[in-house]
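All of the numbers you see were taken from the coordinates with simple rules; none came from a lab. Here the structure is a predicted model, which is why all the values come from computation and not from measurement. Positions of Cβ are generated from backbone atoms using ideal geometry, with glycine treated the same way; all protein chains shown enter the neighbour counts.
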Amino acid sequence: MRLRPQSPRLPQSSPENPAKLRVDPKRYSRCFPRLRREALLIVAYVCFVLAALPFEPNLWPLLLAIAPLIGPLGKRAANVRRHFDQGDVNAAKVLDPKTGLVASFADLGTHAGAFFPTVRLLNYPLAEMTGRPFSSGDDLPAVSVYYGVPGGHKWDSFNPVPAACATSDDAEIERLRALVPEWQWMFLNEVLFRIPRPYRPGIYPVPIEPHDAG
């Protein structure tokens with residue numbers, strides 16, 4: 001059976017097994033440069049207005065104009081901290097170091113006995129965020145949060161982010177790697193062969209085969 005990529009956008013939920021990883025803002029901004037650019041533009045704008053106020057007092061309304069943007073930026077930063085503090089630790093693997101394509105695994109089942117294995121493929125600027133080269137097949141622990149309506153038998157989606165996006169502390173990355181069950185690494189390696197090639201970013205529910213249940 002071929003796997004079809006899906007891209008749902010659903011409400012966020014709180015995972016059960018927290019990673020408790022402290023975020024390094026500089027490291028994270030390398031992985032998500034758009035957030036860094038937005039923050040720098042806001043800071044530059046505020047500094048410009050403050051520097052000009054002694055000469056042009058009528059510019060103070062410009063500070064009020066930027067206020068609506070500061071709140072969402074702060075909320076986004078809080079969500080990032082919560083992601084790495086409360087998110088689940090899952091197995092992930094580099095598929096293409098040139099494009100930064102990473103495959104992450106998660107079981108979207110919400111209770112014991114519900115098994116919904118899913119793989120998500122996403123691109124990350126691996127070399128920029130770590131400063132070192134990666135190879136195809138390199139293992140990476142990822143921290144994920146889940147999306148969906150609480151109370152169901154499965155989550156609808158998940159958002160994995162490599163731990164290397166949040167920290168440069170090798171000891172912390174190894175701590176998270178050790179939290180990933182060995183079967184996840186093995187299962188991820190196996191199910192990658194069931195995803196159609198060429199690999200493309202997306203969410204791929206994994207069809208269960210008889211030997212998977214064992």
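Are there any trypsin sites (Lys or Arg not before Pro) in region 55-156 that are in a DSSP loop and have at most 13 other Cβ atoms within 10 Å? List them by number.
Working: sites: Lys75, Arg76, Arg81, Arg82, Lys93, Lys98, Arg120, Lys154; in loops: Lys98.
For trypsin sites (Lys or Arg not before Pro) across region 55-156 that sit outside H, G, I, E and B with at most 13 neighbouring Cβ atoms in 10 Å, the list reads Lys98.
Using only side-chain charges placed at the Cβ, +1 for Lys and Arg and -1 for Asp and Glu, the dipole size of region 12-209 relative to its Cα centre rounds to 480 debye. Cut-off under 28 Å on the C-alpha distance; same-chain residues fewer than 8 positions from Lys154 excluded. Which lysines are left, in chain and number order? Lys154 reaches Lys20, Lys75, Lys93. With the simple spin-label model, which puts each label point 7 Å out from Cα in the Cβ direction, the Ala112 to Ser136 separation comes to 4.1 nm. Using only side-chain charges placed at the Cβ, +1 for Lys and Arg and -1 for Asp and Glu, the dipole size of region 106-197 relative to its Cα centre rounds to 340 debye. Shown is the FRET efficiency for Asn189 and Arg34, computed with R0 = 45 Å from the Cβ-Cβ distance and rounded to the nearest 0.05: 0.90. Max-minus-min Cα coordinates of region 12-209 on each principal axis give 72, 42, 33 Å, with the largest extent listed first.
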